[in-house]
Amino acid sequence: MDKKRRQAYELHSQVAGRFCVRIGLTPNLITFTSLIMSVVAAIVLWKGWFIWGIVFIILTSITDMLDGATARAGNMGTTFGGILDHVLDRYAEFFILSGILLSGKVHPVWPIFAIFGMIMASYSRKAAESIGKIPSAEVGWVGRLEKFIVIMIGLALVWFFPEFDPAGLNLLEIALIFVGVVSHITAIQRLFYAKKELDRRAQNG
């Protein structure tokens, strides 16, 4: 997510964050709720109930948005909270993609390809920021939310059009391939961005 989109996102999430603070919710509680939603999503996807899977992926995304918004609204942000959010987000991605894999509706290689790409996109950013001391390496074409939207579109399309499989791939497999490709491209973009920033820092002394 680029800087302008991040600012717009934070602005629109402030109202929801303030509401969560008023009713006594904490960021870490919301983070764990997001993880639970992803586990439920994985179970219903495994059962092949893709429409319910979409519902719980949406709930996972909403609660993932709310933890940061609540932390900002209530001035409750902590370093550990940020680490917890980052780690549990990766577990959530793993659970959701595993549910799709176990559904038997796609070839196993495509959800594995997608989840590996999503994890590497995240890892390349965190490596640049923690090891390279780069303030923000959140560059790339497609963010986590957009990837989930593509996956949900694929789930809906394969639910309503199960027999449509151009080139021997169903519509969910095509969505997973897209997510995997753009995720790996994002990881490479972040590596190049880190190299550029480190070279610039070295030149400036």
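No lab work stands behind these numbers, since they all come straight from the coordinates. Everything numeric here is computed off the predicted structure, so don't read it as measured data. As a convention, Cβ positions derive from the backbone with ideal geometry for all residues, glycine included, and neighbour counts pool all protein chains shown.
Before moving on, here are some points about what is shown:
- Theoretical gain in end-to-end length, residue 22 to residue 49 [0.36 nm per residue, Cα-Cα removed]: 6.2 nm
- Answer label, with Rg/Rh (Cα atoms, Kirkwood Rh) calculated from the coordinates and candidates (i) 1.00; (ii) 1.03; (iii) 1.08: (i)
- Charge tally in the Cβ shell below 14 Å around residue 103, where Lys, Arg are +1 and Asp, Glu are -1, residue 103 excluded: +1
- Virtual paramagnetic centre 7 Å along Cα→Cβ of residue 90, amide N under 20 Å, in the range 20-61: 28, 31-39, 42, 61
- Efficiency of FRET from Cβ geometry, residue 102 and residue 75, R₀ 45 Å, rounded to 0.05: 0.65
- Max mean-square fluctuation residue, GNM over the chain, Cα-Cα springs under 10 Å, options 22, 144, 72: 22
- Most mobile of 33, 78, 63 in a GNM of the chain (Cα contacts under 10 Å): 78
- Candidates per GluC sites (Glu not before Pro) in the range 108-191, loop by DSSP, up to 12 other Cβ within 10 Å: 163
- Other residues within the sphere of radius under 14 Å centred on the Cβ of residue 177, judged by their own Cβ, net out at -1 (K and R +1, D and E -1).
- Of the peptides 89-96, 174-181, the ranking by mean beta-carbon count within 10 Å, highest at the top, reads 174-181, 89-96.
- FRET efficiency estimate (nearest 0.05) - Cβ-Cβ, residue 14 to residue 198, R0 35 angstrom: 0.55
- The Cα atoms of the range 1-85 give a gyration tensor whose axes a ≥ b ≥ c have a/c of 1.5 or more with a/b greater than b/c, which makes the shape prolate.
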